[in-house]
Amino acid sequence: MDIVADASAFLAVVLNEAARDSIIRSTVGHGIVAPEILPYEVGNALVVVRKKGRLTEREVLQAFDSAQQIPVTLLPVTIPRAVKLAMQFGIYAYDAYYLQCCIENRLPLLSLDVRMCEVAKRLRIQIVE
């Protein structure tokens with residue numbers, strides 16, 4: 001079975017955060033998919049972490065390269081539908097793209113974003129824990 005993983009899951013793995021091992025265990029034997037925006041969102045998040053002084057420029061580039069090494073299938077999503085979800089639930093469009101990816105492909109979601117998981121449950125999207 002495939003799993004839709006969001007940027008928070010990728011970042012936790014490449015930045016060696018506390019949830020890293022749990023995420024890896026949850027994905028063993030599964031394919032990982034994400035909306036096509038994933039690399040852009042990962043890059044943006046790493047730059048934000050750099051601005052906060054948590055990473056050096058070199059570490060940002062290494063983390064981005066590590067994220068690119070994780071096997072993932074990038075899928076298109078119907079953006080107008082995702083934007084409607086974002087407005088309906090008061091979430092960022094970026095988060096809605098992952099939810100729309102789950103809906104369109106009938107797949108569960110792996111995310112560390114509590115709000116996104118709450119919305120996913122309301123949409124009857126299975127959460128991978």
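The values are calculated or read from the model by the stated rules, or taken from the named source; none is laboratory data. These figures come from a predicted structure and were not determined experimentally. No Cβ is skipped: glycine too gets one built from the backbone with ideal geometry, and neighbour counts run over all protein chains shown.
Let's see how each residue does on (1) under 16 Å from the mean Cα position of the chain (by Cα); (2) small (Gly, Ala, Ser); (3) within 24 Å of residue 121 (Cβ to Cβ):
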position	(1), (2), (3)
30	yes, no, yes
36	yes, no, no
41	yes, no, yes
58	no, no, no
76	yes, no, no
93	yes, yes, yes
99	yes, no, yes
103	yes, no, yes
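Residue 109 meets each of the listed conditions (1) under 18 Å from residue 37 (Cα atoms); (2) out of contact with any helix residue (DSSP H, G or I) (no Cβ under 6 Å at 6 or more places or on another chain) apart from (2). Scan the stretch 45-54 and tell me whether some residue there is loosely packed, with under 12 Cβ neighbours inside 10 Å, within 16 Å of the chain's Cα centre (by Cα), at pLDDT below 95 and not in a helix (DSSP H, G or I). Looking through the stretch 45-54, none of the residues is loosely packed, with under 12 Cβ neighbours inside 10 Å, within 16 Å of the chain's Cα centre (by Cα), at pLDDT below 95 and not in a helix (DSSP H, G or I). The listed residues are 91, 24, and the only one of them that is free of Cβ contacts under 8 Å to residues at least 40 places away in the same chain, in a loop (DSSP other than H, G, I, E, B) and out of contact with any Cys (no Cβ under 9 Å at 6 or more places or on another chain) turns out to be 91.
Taken over the stretch 56-83, the residue count meeting the criterion of being over 29 Å from residue 104 (Cβ atoms), among the β-branched types (Val, Ile, Thr) and part of a helix (DSSP H, G or I) is 1. Report yes if some residue within the stretch 2-12 is without any contact (Cβ under 8 Å) to a residue 60 or more places away in the chain and not in a helix (DSSP H, G or I); otherwise report no. Looking for residues that are without any contact (Cβ under 8 Å) to a residue 60 or more places away in the chain and not in a helix (DSSP H, G or I), one finds none in the stretch 2-12, hence no.
Please indicate, with yes or no, whether at least one residue in the stretch 6-19 is surrounded by fewer than 19 Cβ atoms within 10 Å (Cβ to Cβ), under 17 Å from residue 74 (Cβ atoms) and modelled with pLDDT of 95 or more. No, the stretch 6-19 has no match at all.
Just one of the listed residues (23, 37, 3) is in contact with a Pro (Cβ under 9 Å, 6 or more places away or on another chain) and either of a type in the set (Lys, Arg) or surrounded by 14 or more Cβ atoms within 10 Å (Cβ to Cβ) (or both), namely 3.
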